[in-house]
Amino acid sequence: MKPSREFDADGRFVRQPNRFTDRLGPPEPGRYRLYASYACPWAQRVLIVRALLGLEDLLDVTIVDPIRDEKGWRVPGGDPEYLSELYHATDPGYTGRYTVPCVWDEQDKRIVTNDFPQITLDLETSWGTSPDLYPERLRPDIDIMNDRLYHGLNNAVYEAGFSRDQQVYEEAVARVFTTLDLLEVRLAGSDFLFDTLTDSDVRLYTTLARFDVVYHTHFKCSVRRLADYPALWAYARRLHAIPAFGETTDFDQIKRHYYLTQPGINPSRIVPVGPDLDWSL
């Protein structure tokens, strides 16, 4: 269960603010390292954008272990052993959760940013421009869409899953399915949220990829499945067929992370079998 400081008096989950919010400087091979998890939707966004823009040689990556314990994310290879060591090296007084994604500056020996909404935008505007995932002509509309996705779906599933009050839970679930219903209409007959692939599609996909395997059951967002939405399900599979999306989607790590590291919701730590879904087109 999340620490009590991330809940308000009504039992509503309130995500902690991002502690490190500096902007990424110009790309320099060997300087920046991304710490990410295939299990985490916020981190997968950055992995997708990194792959779409061909930034593999400019932004090194370390994938953390999906099974997080009381010390936080473990780093395979042991240098550092835990992601928390980088947080405390940057801010010895840090007391929040140790989150991915974050970007470590190898030169200055500090975390530059764990501001997940901004990391992808920095990559899209300063590091790579093809494909143009944040075109100037669409930026106001993309910003509005991203805000709606965050409050109505990306974070709303967590508000439902971590809620400590029935009414709070039901309000969050209502937002989730109102948003999905609207997106189903928007995507009927359309390949993307706009007339081209954008940052908004990346942000939507990472939630959709986890919906039926985790959020539907584990977070009690069980009114309908993603597979019950014809347009959204087809859209999610189209994106999954793009290597940057599909190759960074690891359903095994997703399931093990959520079901094994959130005993407040799943005290048995049993990882369910299924669902049996065909993500191929």
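The values are calculated or read from the model by the stated rules, or taken from the named source; none is laboratory data. Everything numeric in this text was worked out from a predicted model, so none of it was measured. Cβ atoms come from the backbone with ideal geometry, glycine included; neighbour counts cover every protein chain shown. The area values use the complete protein model at the heavy-atom level, side chains included, leaving out ligands, DNA and RNA. Shrake-Rupley method; radii C 1.70, N 1.55, O 1.52, S 1.80 Å.
Across segment 85-102, which residue is farthest from residue 257 (Cα to Cα) among those that are among the charged types (D, E, K, R) and in contact (Cβ under 8 Å) with a residue 60 or more places away in the chain?
Looking at residues that are among the charged types (D, E, K, R) and in contact (Cβ under 8 Å) with a residue 60 or more places away in the chain, I get 91.
Given the criterion open to solvent by 30 Å² or more (accessible area, probe 1.4 Å) and assigned to a loop (DSSP other than H, G, I, E, B), identify the matching residue among 9, 51, 39, 89.
That would be 9, the only listed residue that is open to solvent by 30 Å² or more (accessible area, probe 1.4 Å) and assigned to a loop (DSSP other than H, G, I, E, B).
Among the residues of segment 213-235, which ones are open to solvent by less than 20 Å² (accessible area, probe 1.4 Å) and of a type in the set (Gly, Ala, Ser)?
Result: 231, single match.
Just the residues that are part of a helix (DSSP H, G or I) and open to solvent by 30 Å² or more (accessible area, probe 1.4 Å), please, taken from segment 68-86.
The answer is 85, and nothing else.
Looking at segment 92-125, which of its residues are of a type in the set (Ser, Thr, Tyr) and either under 20 Å from the mean Cα position of the chain (by Cα) or open to solvent by 30 Å² or more (accessible area, probe 1.4 Å) (or both)?
Across segment 92-125, the qualifying residues are 95, 98, 99, 113, 120, 125.
Can you confirm whether segment 66-82 contains a residue that is among the small types (Gly, Ala, Ser), more than 20 Å from residue 214 (Cα to Cα), over 22 Å from the mean Cα position of the chain (by Cα) and at pLDDT 95 or above?
no
Counting just the residues of segment 184-199 that are free of Cβ contacts under 8 Å to residues at least 60 places away in the same chain and assigned to a loop (DSSP other than H, G, I, E, B), which one comes out surrounded by the fewest Cβ atoms within 10 Å (Cβ to Cβ)?
Of everything passing the filter in segment 184-199, 189 is surrounded by the fewest Cβ atoms within 10 Å (Cβ to Cβ).
Let me confirm something: among 65, 143, 147, which residue is farther than 19 Å from residue 205 by Cα and surrounded by fewer than 22 Cβ atoms within 10 Å (Cβ to Cβ)?
65
Output the residue which, of all residues in segment 236-275 that are buried (at least 19 other Cβ atoms within 10 Å of the Cβ) and in a loop (DSSP other than H, G, I, E, B), is modelled with the lowest pLDDT.
Residue satisfying both the conditions and the ranking: 262.
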